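One structure is given here, and the rest of the page talks about it.
Laboratory data are not the source of any read-out in this text; all were calculated from the coordinates shown. This structure is a prediction, so every number in the text was calculated from the model and none was measured. Here the Cβ is made from the backbone with ideal geometry for all residues, glycine too, and neighbour counts use every protein chain on show.
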């Protein structure tokens, strides 16, 4: 097993285990990601709609039937832009965690991811919500880690089957994400690889150890682990 960013960052000395510099790094990464998501998605769609709207008056005069067809296409693009903006808002603040708890939120995340990617994912979550020793912010952190890990599987793993489990053992609380994809050589990855380093930092911020087990052709296993004494 290859530990990636394993262990917690040292205490700041005031009882807060969240290192200030790592938090700032994550904030900057989130800003960059948000800017990319907005620019590549709804901003481009709305810019295109603005250009097409500017031609509608002339088109209505020249060819009303074609204008009607164009209007229908523009409405479809507008709905697409609205859906993209909703996705951005969902990513920024997953209110589902407030409504359904961490288990319910992860269940919805997995269902949505499976629908969007077509990759089968089996979820087994046996830990009652009351046993999670996490604050609301920490639950968002766990949710973000799983979002990033699933996104990486979709982008890179070429997997057809994924399993996500959460279990409480005599030693630890463990979340495991496993895929049957192509795997990779962790030693060949750049130390500052955005996705992996972000997940490791987030894990440390929620008091967990982040472990990665993979090799070329053997799939990938990611684990979040909280030692039992900290529960």
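Some points to look at:
- Filtering the stretch 121-134 for residues that are in contact with a helix residue (DSSP H, G or I) (Cβ under 8 Å, 6 or more places away or on another chain) and closer than 19 Å to residue 199 by Cα leaves a non-empty set.
- Here the strands (runs of 3 or more DSSP E) wholly within the stretch 110-213 that include at least 2 residues being surrounded by 19 or more Cβ atoms within 10 Å (Cβ to Cβ) and under 18 Å from the mean Cα position of the chain (by Cα) are 161-168, 172-179.
- Checking residue 96 against (1) over 23 Å from residue 213 (Cα atoms); (2) in contact with a strand residue (DSSP E or B) (Cβ under 7 Å, 6 or more places away or on another chain); (3) surrounded by 17 or more Cβ atoms within 10 Å (Cβ to Cβ), the condition it does not meet: (2)
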